[in-house]
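Take a look at the structure set out below.
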């Protein structure tokens with residue numbers, strides 16, 4: 001890339017392209033396994049490769065848009081999509097995305113105007129939101145894993161949904177597929193938050209899915225399907241906005257697709273063969289490592305904005321540490337998932353022998 | 001032997017009629033309230049279940065296990081009473097749904113005199129007319145909600161009854177006489193087939209009840225069905241450690257000719273009028289089941305003749321305790337039944353031979369016969385929510401090929417629209433399972449444009465990114481956004497299909 005373009009988009013050689021494909025693959029496996037978009041891994045991963053934060057978010061949200069379109073179609077076939085709920089959330093989610101894009105663009109440009117490193121402001125802002133939100137998500141998830149009683153009740157808690165139902169904040173809207181009544185005000189708040197976070201860090205599902213499960217009280221499968229349907233529209237809206245602002249790197253989008261659409265198949269297979277508690281545990285740990293990885297990179301942006309006085313030579317080390325942590329979390333997650341996938345594959349071959357056949361009345365089993 | 005079931009929301013009215021009918025028949029009389037009390041004593045929190053359903057405060061999936069346990073208890077209790085007493089009269093809210101597909105059960109819908117009920121409510125609760133009306137309306141809504149939750153149907157669906165009596169037009173004594181007369185009809189006498197059906201229903205219910213009561217197995221979801229005395233219990237791999245407990249518990253169960261415990265990830269429901277273990281459909285279904293680690297449940301969709309019309313439509317049954325739905329033969333024989341049911345070879349549509357083959361493969365998840373069409377299939381699927389796929393095989397076989405194709409397609413569409421899981425025809429299944437030349441062609445068809453797109457984008461990356469990234473006029477910006485919005489889904493669609501086919505080829509689904 002030459003001229004102004006080189007400020008915005010990175011030069012891709014075979015090595016960096018391969019890294020983006022690997023990011024996509026790991027993100028795809030995690031996405032299929034966890035049920036989120038995998039942005040928590042791919043966005044910081046691309047930033048570690050030198051991609052501007054706003055471009056990383058824009059490219060990821062555009063990639064997510066296409067992926068969600070394919071995924072939501074499949075969920076739709078399974079009857080897991082409450083379109084009315086998704087479209088209701090979309091109204092405020094669109095406002096949230098617009099707010100996020102405006103803020104990111106403003107910070108990206110202001111970094112240049114104030115004399116600091118261009119994009120550093122946006123990078124810092126995105127990283128801070130990323131770290132704070134995902135810390136809450138990861139800690140809640142791990143707390144849920146370790147705090148759950150071992151009485152076999154592995155389902156999510158519905159205390160919040162029940163408390164809100166008692167408040168009876170009118171008007172209430174009934175959603176047929178999800179089979180719940182939700183207050184319009186709660187709906188608007190969740191939509192706005194989901195949209196803002198999707199637009200800021202490309203992570204909408206981490207807020208949307210738990211909100212639907214814990215706040216609205218809808219079944220997990222419907223929450224995942226509806227979120228994906230919503231993500232399709234949010235992704236489209238985000239992609240349009242970022243494309244209009246000129247931040248989408250089509251090459252990154254294609255490379256992410258190359259890895260993620262393969263990885264997602266393996267992740268989905270992993271979900272079928274790993275216990276739910278283990279899924280949550282692995283997810284929580286991976287997210288926490290991603291948070292740590294991003295937190296390590298924050299001093300770089302602070303220095304670029306002249307907010308702290310550290311040696312520029314530290315940037316390389318911090319970036320490497322950040323990248324190392326991210327890839328460690330990704331590879332650890334992939335390792336656990338692939339181990340279970342292969343184990344299940346072997347078990348399946350033995351499945352025929354697992355039949356237990358007992359003949360009555362002798363009682364011999 | 002007669003079993004009379006009277007359904008009404010108004011307890012006093014149905015109780016009076018049931019006692020009157022029981023006195024005429026010399027039958028044992030039992031009420032829903034008595035069974036609820038017994039269930040509560042057995043540790044099933046029925047009150048809690050009712051409150052949760054009425055208030056809709058607890059997520060439905062949490063109630064599902066309790067629901068099945070309660071239904072199994074009630075069905076088993078009715079079965080026990082039916083075996084102890086020659087005649088039985090039961091009255092409850094939606095009792096017509098409790099013993100589905102048993103031809104010698106008379107299902108009566110009782111409509112109370114509304115004016116009289118209103119007066120009684122006003123007097124007994126000391127309410128004004130409007131409030132009393134409101135109270136009755138709420139009561140009916142609660143009952144409808146309960147019935148919908150427990151059985152997935154509307155209590156006012158009259159197709160679920162054999163007789164509707166309106167006490168606004170009839171005296172109680174006349175209503176009792178009408179039921180008594182009906183109980184004498186040959187249509188409602190026991191036959192070997194109906195006895196077998198009741199036996200299977202009871203066996204499955206007792207097994208489910210027994211498993212639900214035991215602390216080792218009470219908290220797991222099991223598929224339980226019975227056919228001709230053969231009890232099939234399907235469990236998931238994560239429940240494998242519970243398998244010895246299941247077998248130990250069922251060893252003491254009376255009435256089971258054979259007990260089969262099968263581990264499955266999920267169940268595939270194969271609906272067909274005729275089965276053939278040597279057919280290509282059988283190979284495709286078992287191939288998919290082995291890949292998924294699933295059990296195959298057979299549902300023979302027997303054609304519905306004019307004589308049989310309404311037999312199975314009559315109830316939106318609870319098929320959790322499955323049993324065969326056999327056509328009434330009264331109209332054909334004048335009510336005279338052979339003592340021994342004889343079936344010519346192949347008259348079961350290949351059900352037995354296919355079941356045997358599935359058992360030998362370790363893939364059998366149960367079997368049953370259902371008379372009717374799409375509506376009955378939908379009810380059956382909704383009543384047993386452990387399926388992950390429904391395959392519609394050879395149906396309407398007596399029709400011409402063109403009509404058969406159209407009707408099959410319509411059946412698939414009808415069921416698909418009404419259930420929340422994939423439904424496909426055997427042709428669709430073949431297309432999805434078999435990876436032949438056609439699939440290779442599709443793989444190439446999807447992969448080629450993807451490769452071309454990648455080549456083009458990375459060859460001309462500078463001008464493309466220049467177009468997308470450089471600040472231009474408003475028109476150019478809109479064009480860039482539109483290009484991204486149109487191009488990205490296309491790539492995702494093409495490459496998504498390509499990747500899916502690749503994994504299918506690798507048999508890695």
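The values are calculated or read from the model by the stated rules, or taken from the named source; none is laboratory data. Not measured: the values here are computed from a predicted model. Using ideal geometry, Cβ is built from the backbone for each residue, glycine included, and neighbour counts are taken over all protein chains shown.
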Tell me, yes or no, whether region A:53-74 has at least one residue that is over 30 Å from residue A:188 (Cβ atoms), modelled with pLDDT under 80, within 11 Å of chain B (Cβ to nearest Cβ) and surrounded by fewer than 24 Cβ atoms within 10 Å (Cβ to Cβ).
no
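In region B:81-112, how many residues are out of contact with any helix residue (DSSP H, G or I) (no Cβ under 8 Å at 6 or more places or on another chain) and either closer than 23 Å to residue B:171 by Cα or without any contact (Cβ under 8 Å) to a residue 12 or more places away in the chain (or both)?
Start the filter on region B:81-112 by keeping residues that are out of contact with any helix residue (DSSP H, G or I) (no Cβ under 8 Å at 6 or more places or on another chain), which leaves B:81, B:84-86, B:111.
Within this subset, residues satisfying the condition of being either closer than 23 Å to residue B:171 by Cα or without any contact (Cβ under 8 Å) to a residue 12 or more places away in the chain (or both) are B:111.
Matching residues across region B:81-112 total 1.
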Does residue B:421 satisfy being part of a loop (DSSP other than H, G, I, E, B), touching a helix residue (DSSP H, G or I) at 6+ places or on another chain (Cβ under 8 Å) and within 12 Å of chain A (Cβ to nearest Cβ)?
yes
Among the numbered conditions (1) away from every other protein chain (no Cβ under 14 Å); (2) at pLDDT 80 or above, tell me where residue B:303 comes up short.
(2)
Residue B:467: within 14 Å of chain A (Cβ to nearest Cβ), touching a helix residue (DSSP H, G or I) at 6+ places or on another chain (Cβ under 7 Å) and on the phi < 0 side of the Ramachandran plot, yes or no?
yes
Residues in region B:145-164 that are free of Cβ contacts under 8 Å to residues at least 60 places away in the same chain and either crowded, with 17+ Cβ neighbours inside 10 Å or farther than 24 Å from residue B:48 by Cα (or both) total 5
Taking residue B:291 and the conditions (1) within 11 Å of another protein chain (Cβ to nearest Cβ); (2) more than 30 Å from residue B:413 (Cβ to Cβ); (3) outside any loop (DSSP other than H, G, I, E, B); (4) modelled with pLDDT under 80, which numbered condition does it fall short on, given that it satisfies the others?
(2)
Taking region B:1-21 and keeping only residues that are at pLDDT 90 or above and surrounded by fewer than 22 Cβ atoms within 10 Å (Cβ to Cβ), one is left with B:15, B:16, B:19, B:20
Going through region B:424-438 one residue at a time, which ones are more than 34 Å from the chain's Cα centre (by Cα) and modelled with pLDDT of 75 or more?
B:437, B:438
Taking region B:457-509, which residues are crowded, with 16+ Cβ neighbours inside 10 Å and in contact (Cβ under 8 Å) with a residue 60 or more places away in the chain?
B:501, B:504
For helices (runs of 4 or more DSSP H) lying entirely in region A:103-212, having 2 or more residues that are modelled with pLDDT of 80 or more picks out A:120-147, A:184-201
Go through A:94, A:100 for me and flag whichever is under 27 Å from residue A:172 (Cβ atoms), part of a helix (DSSP H, G or I) and at pLDDT 80 or above.
A:94
Of residues in region A:255-271 being buried (at least 24 other Cβ atoms within 10 Å of the Cβ) and more than 17 Å from residue B:498 (Cβ to Cβ), the one modelled with the highest pLDDT:
A:267
